[in-house]
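The structure's right below; bear with me while I get my questions together.
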Amino acid sequence: MGLAYVVLQSRPRLATNENLPQGPAIAWLRHTAPAPPKPVALPSAKPAPARLPRPRMPAPVSRPLPAPSIEQAPAPATPAAITVVAPPSAADILAQAKRDVGKIDRDLRKQFPQRGEQKLDDTGFKRMQQGFAEAYAAVPPKWYEASKIEEMGSNASKGSHTYKITSALGTLCVTTGAGRNGETMIGNCPK
């Protein structure tokens, strides 16, 4: 068995990678620009179409033959004064667009005066946000959340401020600068 293994291992093998997909090699194609078109010489004058001669028939005596018509070439057109109008600049286009939009806005405000200025203070979205804020404020914070601090009021004559502190353990009020010497008082909040 060992001898068969040594013989098989000594034979040369092709280097293959089993992880690579097997298939044809990649052929890279290069994009070449198309050749410019060759100029085609236009004929200066169209040759007259070849007419087949019509067999002549004897004309009746009572009717005269029409005179042969001679085709004349149209007279060459005289060159008229050609004026080239410069295209408008981007600033001109933008100014014209602003004027047009302003005119449209004024027309719409004349047609629909009640729609011009809506009060956005009482929208459904704002009421929903206010409701979420009130619900969040009504629930005390959890043990892992920070305490909520809000100012209840201030007394300018005494120079004191009252703060309401709400934590997971309860609610209390702190009044700064309330005593004779400006000390801080801690106590229950008034209802």
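The values are calculated or read from the model by the stated rules, or taken from the named source; none is laboratory data. The structure displayed is predicted, hence computed values, not measured ones. Please note: Cβ atoms are built from the backbone with ideal geometry, for glycine as well, and neighbour counts cover all protein chains shown. Note: areas computed on protein heavy atoms with side chains; ligands, DNA, RNA excluded. Shrake-Rupley method; radii C 1.70, N 1.55, O 1.52, S 1.80 Å.
Could you grab the pairs with beta carbons closer than 9 Å, sequence gap of 6+ or different chains, first residue in segment 119-143 and among the small types (G, A, S), second one open to solvent by 70 Å² or more (accessible area, probe 1.4 Å) and at pLDDT 85 or above?
A137/E150
Let me ask another. Within segment 167-177, is even one residue open to solvent by 100 Å² or more (accessible area, probe 1.4 Å), without any contact (Cβ under 8 Å) to a residue 12 or more places away in the chain, of a type outside the set (S, T, Y) and not in a strand (DSSP E or B)?
Yes: segment 167-177 contains one or more residues that are open to solvent by 100 Å² or more (accessible area, probe 1.4 Å), without any contact (Cβ under 8 Å) to a residue 12 or more places away in the chain, of a type outside the set (S, T, Y) and not in a strand (DSSP E or B).
Anything in segment 107-126 that is assigned to a helix (DSSP H, G or I), modelled with pLDDT under 90 and surrounded by fewer than 10 Cβ atoms within 10 Å (Cβ to Cβ)? List them, or say none.
Within segment 107-126, K110, Q111, P113, Q114, R115, G124 qualify.
Pick from segment 161-191 the residues that are of a type in the set (A, V, I, L, M) and more than 16 Å from S147 (Cα to Cα): which of them is modelled with the highest pLDDT?
M185
Being touching a strand residue (DSSP E or B) at 6+ places or on another chain (Cβ under 8 Å), in a loop (DSSP other than H, G, I, E, B), open to solvent by 100 Å² or more (accessible area, probe 1.4 Å) and not basic (K, R), is that true of even one residue in segment 180-188?
yes
So, one more: How about segment 146-166: which of its residues are open to solvent by 80 Å² or more (accessible area, probe 1.4 Å) and either acidic (D, E) or touching a residue at least 24 places away in the same chain (Cβ under 8 Å) (or both)?
E150, E151, M152
Moving on. Quickly run through segment 127-160 and pick out the residues that are among the aliphatic types (A, V, I, L, M), at pLDDT below 85 and in a loop (DSSP other than H, G, I, E, B).
Correct list: A156 only.
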